[in-house]
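Trainee: So that we are looking at the same thing, I have put the structure below in structure tokens.
The values are calculated or read from the model by the stated rules, or taken from the named source; none is laboratory data. Bear in mind that the values here come from a model prediction, so they are computed numbers and not experimental data. Please note: Cβ atoms are built from the backbone with ideal geometry, for glycine as well, and neighbour counts cover all protein chains shown. Accessible surface is based on the protein model in full, side chains and every heavy atom, while ligands, DNA and RNA are left aside. Shrake-Rupley method; radii C 1.70, N 1.55, O 1.52, S 1.80 Å.
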Amino acid sequence: MTRLDLTGLTTRPAQVWGGIRLVPLVRAEPVPGLRLHAEIYAGLGAVALDDGTEYLSYVPHGFVADWSGEETEPGQGNGQKAGQRASYGTQLGAGRPDTVTVHRHHRMVKRRRPGKGLSGGAATARCRFLPLHLALEGYLALHFGGPSVAWEEWSRQAVRQGFSPREEEAYLGLDVRGLADALRVFEIHPGQCGVLVHTADSLAAAFVVPHPDDYRALHPSLLQDLYGELVHQYAHFGAPVAEFEARISGRYVATLAGLRARAVAQERLWSETHGDVLARELLTESYASERVFRMGSYELRRFLPPFRRGGAEQHIGELITDHKGRTAYLKTFRLSDAQIRRGHLLSVLAAHDWRLDGTAAALSTTYEELVRRMGAAGFAPLLNEHVVARRIAETK
């Protein structure tokens with residue numbers, strides 16, 4: 001279990017638009033030797049996973065990480081000639097197309113091979129991954145195989161197919177009220193390499209990249225990202241949030257240097273307050289992380305929260321860290337209370353060898369109540385209803 005390390009990133013004063021609060025994250029120096037840029041697919045994608053399964057989903061773009069240290073501008077060296085790159089929102093031609101192209105993606109993360117304008121050395125220092133799909137796949141794959149022991153309470157479907165098919169709902173950033181306007185009108189700070197998105201003053205997502213130029217190019221991609229149900233609800237029903245304005249009294253300020261020092265002190269106070277209050281639960285939580293891909297001295301990882309119940313916000317996500325564990329890239333997805341409950345239930349079941357009576361005891365509840373919880377979580381088809389009904393009758 002590890003915590004997120006945002007060393008090198010400093011928060012700047014937030015910008016507010018209705019119920020949206022954007023908190024810029026600024027680096028004094030870019031992360032050395034690592035760049036990130038997008039490949040735009042803008043449509044449906046069929047993703048083939050390593051285990052042979054394939055799923056169809058909305059895949060607006062992929063991210064290409066380059067750790068060769070050669071690339072200086074986003075998009076250079078990815079096989080596309082200058083002037084042929086598309087931007088977010090670009091539409092070629094008039095009218096709607098008769099058909100929709102489905103892009104095929106082999107693997108969630110894939111190393112770039114030489115060819116298509118890439119030299120051999122450069123290609124081996126690049127990989128393409130599907131942002132947020134990597135994190136969500138880690139959540140959906142949580143105990144996906146189902147019961148490891150075929151206890152009689154589990155149905156044939158559970159034993160043979162596990163939790164397949166399993167799905168979760170998400171909202172496009174364009175559907176999060178106020179987010180498009182906020183991203184359009186807000187200022188990008190010099191050196192900005194990330195942003196924390198709050199809806200109704202509740203943390204919705206974190207996004208960090210290695211270089212300010214990468215952030216400027218990927219800033220619109222936040223509208224194409226996926227956001228949880230809770231984020232959508234907070235943005236839609238939440239009231240406008242208050243701006244935290246700095247007030248500097250002129251009573252003890254006699255010089256320009258003194259005014260500058262007071263302004264810097266206010267910025268430091270805002271940064272500490274934001275870390276202690278608005279982003280505390282993201283930064284103080286311990287996560288179970290899994291290394292997905294090694295990029296020279298960097299590692300691409302995804303992480304899961306402890307699924308602790310009690311109302312605290314919890315996030316899943318993916319990140320790239322350097323050899324000291326410092327974050328170079330980060331993208332998070334906030335789970336709803338129902339998703340946390342499902343993760344918690346699956347974790348306790350797995351920890352007790354998928355025995356319902358042992359799991360009920362661990363949760364300090366009854367066998368019947370556990371069955372009810374599983375039904376509410378959408379796992380009822382995985383239980384043998386006749387056996388479960390008989391066991392409930394025996395326990396009464």
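Trainee: With a cut-off of 8 Å between alpha carbons and a minimum separation of six or more residues, what is the relative contact order of region 175-328 in percent? Let's see the in-between values first.
Mentor: Values: 151 pairs, mean separation 24.6, N = 154.
Once normalised by length, the contact order is 16 percent.
Trainee: Turning to a different aspect of this structure: For the chain, which whole percent of the accessible surface, found with a 1.4 angstrom probe, sits on carbon and sulfur atoms?
Mentor: On the way: 10140 of 20200 Å².
The nonpolar share, carbon plus sulfur, comes to 50 percent.
Trainee: Find out how many positive minus negative residues lie around E153, taking Lys and Arg as positive, Asp and Glu as negative, among other residues whose Cβ is under 13 Å from that of E153.
Mentor: Working: positive: R156, R355, R390, R391; negative: E152, D353, D357, E368, E385, E394.
With Lys, Arg at +1 and Asp, Glu at -1, the net is -2.
Trainee: How charged is the neighbourhood of R262? Take every other residue with its Cβ under 12 Å from the Cβ of R262, and add Lys/Arg as +1 and Asp/Glu as -1.
Mentor: Details: positive: R247, R251, R260, R268; negative: E267.
Summing Lys/Arg as +1 and Asp/Glu as -1 gives +3.
Trainee: Could you state the accessible area per residue of the chain in Å², with a 1.4 Å probe and every protein chain left in place?
Mentor: 51 Å²
Trainee: Moving to a separate point now. Just from its helices, what would the mean residue ellipticity at 222 nm be for the chain, if runs of 4 or more DSSP H residues each count -39500 (n - 2.57) and the sum is divided by every residue, rounded to the nearest 500 deg cm²/dmol?
Mentor: -7500 deg cm²/dmol, from helical runs alone.
Trainee: So how far apart, in nm, are the two label points at K110 and R184 if each is 7 Å from Cα heading toward Cβ?
Mentor: Computed distance between label sites K110 and R184 equals 3.5 nm.
Trainee: A further question follows. Counting DSSP beta bridges in the chain, what percent are antiparallel, to the nearest 5? Show your work: numbers first, answer last.
Mentor: On the way: 64 of 69 bridges.
The antiparallel proportion sits near 95 percent.
Trainee: Using all Cα-Cα distances in the chain, what percent lands in each 20 angstrom bin from 0 up to the longest?
Mentor: Percent of Cα pairs in each bin: 24, 52, 21, 3, 0.
Trainee: Please compute the length gained on full extension between T7 and A239, using 0.36 nm multiplied by the number of residues separating them and subtracting their Cα-Cα distance.
Mentor: On the way: separation 232, 0.36 × 232 = 83.52 nm, distance 3.27 nm.
Length gained, T7 through A239: 80.2 nm.
Trainee: Size of the dipole of region 220-313 about the Cα centre, Lys and Arg at +1 and Asp and Glu at -1 on the beta carbon, nothing else charged, in debye to 20? Could the numbers behind the result be given before it?
Mentor: Numbers: 12 positive and 12 negative charges, 71 e Å.
Result for region 220-313 is approximately 340 debye, rounded to the nearest 20.
Trainee: Let me ask another. Between region 7-46 and region 179-201, how many Å separate their Cα centres?
Mentor: Cα centroid of region 7-46 versus Cα centroid of region 179-201: 8 Å apart.
Trainee: May I ask for log10 I(q)/I(0) of region 163-295 at q = 0.13, 0.19 Å⁻¹, from a Debye sum over the Cα atoms as equal point scatterers with solvent left out?
Mentor: Once normalised to I(0) and log-transformed, intensities are -0.77, -1.33.
Trainee: In nm, what is the difference between 0.36 nm times the number of residues separating R247 and E394 and their Cα-Cα distance? Mind showing how you got there, number by number?
Mentor: Working: separation 147, 0.36 × 147 = 52.92 nm, distance 6.83 nm.
Extra length from R247 to E394 when fully extended: 46.1 nm.
Trainee: Could you give the Stokes-Einstein D for region 347-396 in µm² per second, using the C-alpha Kirkwood radius, 25 °C, 0.890 mPa s?
Mentor: Values: Rh = 11.0 Å.
Translational D for this selection: 224 µm²/s.
Trainee: What does the charge count around E290 come to, taking other residues whose C-beta lies under 14 Å from its C-beta (Lys +1, Arg +1, Asp -1, Glu -1)? It would help to have the intermediate numbers written out before the result.
Mentor: Working: positive: R291, R294, R301, R302; negative: D50, E137, E299, E318.
After counting each charged neighbour, the total is 0.
Trainee: By its C-alpha gyration tensor, with a ≥ b ≥ c as the square roots of the eigenvalues, how is region 287-348 shaped: rounded for a/c under 1.5, else prolate for a/b larger than b/c, else oblate? Please list the in-between numbers first.
Mentor: Numbers: a/c = 3.09, a/b = 2.38, b/c = 1.30.
Cα axes put region 287-348 in the prolate bin.
Trainee: Just order 294-304, 58-68 by mean Cβ neighbour count inside 10 Å, highest at the front, would you? List each step's numbers first, then the result.
Mentor: Numbers: 294-304: 18.9, 58-68: 21.2.
Order by mean packing, descending: 58-68, 294-304.
Trainee: If you don't mind, there's one more thing I want to ask. To the nearest Å, what is the center-to-center distance of region 359-390 and region 234-248, using C-alpha atoms only?
Mentor: 43 Å
Trainee: Reachable aspartates and glutamates from K110, Cα under 18 Å, same-chain residues fewer than 8 places away excluded?
Mentor: Of all the aspartates and glutamates, those that pass the test against K110 - Cα under 18 Å, at least 8 places apart if same chain - are E39, D50, D51, E54, D66, E137, E290, E299, E318.
Trainee: While we're here: Apply 1/(1 + (r/R0)^6) to the Cβ-Cβ distance of L56 and L142, taking R0 = 22 Å, and write down the FRET efficiency to the nearest 0.05. Spell out each step's value before the answer.
Mentor: On the way: r = 21 Å, r/R0 = 0.95.
After rounding to 0.05, the efficiency reads 0.60.
Trainee: Can you give me the relative contact order of the chain as a percent, contacts being Cα pairs under 8 Å and 6 or more apart?
Mentor: 22 percent
Trainee: Run the paramagnetic zone check for R160: 7 angstrom along Cα to Cβ, then residues of region 369-390 with backbone nitrogen under 16 Å.
Mentor: Correct set: 381-385.
Trainee: Taking N as the number of residues in region 129-186, what is its alpha-carbon radius of gyration divided by 2.2 N^0.38 Å?
Mentor: Working: Rg = 18.3 Å, N = 58, 2.2 N^0.38 = 10.3 Å.
In units of the globular-protein estimate, region 129-186 measures up at 1.77.
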